[in-house]
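Taking it in order: structure first as structure tokens, then the write-up.
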Amino acid sequence: INESVTPVREDYLSGKADVIFSDRFRVGARYTFDDSGLTTPDPFRVWQFDSNSHYHFIHTDTQLIHSSNTTSSIGAGFSRIGYAETSRQRPSISPSLSFVEGRPLGGFQVTGLTDFGGLNLQLRPRTFLMDDIQVNYQMTHLRGAHAIQFGAGIDRVRLDQMSDNNANGRDRFTSLANFLQARPQNGDLMMPGSDTQRTWRQAQFHAFFQDEYRVSPQLSISAGVRYETYSVPSEQDNKVATLPNPWTDPAVTVGPPLFVNPSKANFAPRAAVALDPWGNGRTVLRAGAGIFFDLLGAREVAVAGLRMPPFFLRVTPSSPTFPDLLASVAG
């Protein structure tokens, strides 16, 4: 009987507090915490694959009533999100089977059979830790038939990451016969000395203005503009390498910037209309349009920001020796 146990653990905590100092001044705060872990064995029970995550969210909101037609709010928050994936090899595996001396056993693929190790082994170990500090301000002012809103905010983001790829090595066999004769077709290896540790920093800023004008009891029109920009992610130790012009560059350019900032002119107008054609409140027609921008940030640097030479080197030798994959790429 092939029985596998996959233990899962999760601890969760959430708390909220509201304080009303007066009719014009109130403060709210919320804290959320979660910590979880998952252990999954591979089908051959050679490895245990561990995944652990945790996050902390702290958010405060302060509301001020300046007058009967003017209110404002100030928000501040901090979030920390961490994630780690590791693997543990069965102690009985002989070190002589390692593809790279001093490292655990690597993975391999045999055409027609289940991958040994698979992506779970290939992409481990890897860790991500993101800290995000946010502050924003918003004001609403009623003036006649107009409801005017404006505000601004800033985020400071820090991302620490490490993401190896085939650090233990991987061999591919085209048939079961070649596997039994230890004749791989090719190998895949992240060279020892490759560095996938990165510490990224980035700032994001936004501001907006909007006016909702009630033309009549049956018609409302709103128009506004949002400006949203950000800094190019910078790496703490300048471990940045890029290929600015793939057509002409003979080699990568080492050092910042990671890319040319496209966000400096990110002005995004928006407009909308709401119409009650018969004035009875039972049917409302709405239409709107706007321009929206995606932000280039942590999502982009998670892969593209760290797997570039000279900091990261990956080789795929043909017909490598088995099991000493590293010997096949010497020189």
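The values are calculated or read from the model by the stated rules, or taken from the named source; none is laboratory data. All of these numbers come straight from a predicted model, not from anything done at the bench. Surface accessibility is based on the protein's heavy atoms, side chains included, excluding ligands, DNA and RNA. Shrake-Rupley method; radii C 1.70, N 1.55, O 1.52, S 1.80 Å.
Taking Cα pairs under 8 Å and at least six residues apart, what relative contact order does region 36-76 come out at, in percent?
Details: 43 pairs, mean separation 11.3, N = 41.
Worked out over region 36-76, it gives 28 percent.
Would you mind estimating how fast region 72-125 diffuses translationally, via Stokes-Einstein at 25 °C and 0.890 mPa s with the Kirkwood radius over Cα pairs, in µm²/s?
Values: Rh = 14.6 Å.
For the chosen part, D equals 168 µm²/s.
Convex hull over the alpha-carbon atoms of the chain: what's its volume per residue in Å³? Spell out each step's value before the answer.
Numbers: hull volume 79.8 nm³, N = 331.
Per-residue hull volume (Cα only) is 241 Å³.
Given region 1-117, what whole percent of its Cα pairs are spread farther than 18 Å?
Details: 4722 of 6786 pairs.
When every Cα pair of region 1-117 is considered, 70 percent fall beyond 18 Å.
Show log10 I(q)/I(0) for region 204-253 at q = 0.16 Å⁻¹, two decimals, from a solvent-free Debye sum over equal Cα scatterers.
-0.71
HN-Hα J couplings of region 229-238 from phi, Karplus 6.51/-1.76/1.60, θ = phi - 60°, integer Hz, Gly and Pro as x?
10, 7, 8, 5, x, 10, 9, 3, 10, 6
Can you work out the base-10 log of I(q)/I(0) for region 71-191 at q = 0.12, 0.14, 0.19, 0.21 1/Å, using the Debye formula on its C-alpha atoms alone?
After summing over all Cα pairs, the log10 values are -0.63, -0.73, -1.03, -1.15.
What Kirkwood Rh does region 193-331 have if only Cα atoms enter the pairwise 1/r average? Answer in Å.
Details: mean 1/r = 0.0502 Å⁻¹.
Taking every pair of different Cα atoms in region 193-331, averaging 1/r and inverting gives 19.9 Å.
Keeping every protein chain in place, order L326, L121 by accessible area at 1.4 Å, biggest value first, i.e. largest first. Please report the intermediate quantities before stating the final value.
Details: L326 55, L121 10 Å².
Largest to smallest exposure gives the sequence L326, L121.
Hey, any idea what % of region 237-331's accessible area is carbon plus sulfur with a 1.4 Å probe? List each step's numbers first, then the result.
On the way: 3890 of 6340 Å².
Solvent-exposed carbon and sulfur of region 237-331 make up 61 percent of the total.
In percent, what relative contact order does the chain have, based on Cα pairs under 8 Å that are 6 or more apart in sequence? Before the final figure, lay out the partial values.
Working: 790 pairs, mean separation 42.3, N = 331.
Reported relative contact order: 13 percent.
Divide by every residue of the chain the summed helix terms, -39500 (n - 2.57) for each DSSP H run of at least 4, and state the resulting mean residue ellipticity at 222 nm, rounded to the nearest 500 deg cm²/dmol. Each step should come with its number before you reach the end.
Values: 3 runs with 17 residues, N = 331.
That comes out to -1000 deg cm²/dmol.
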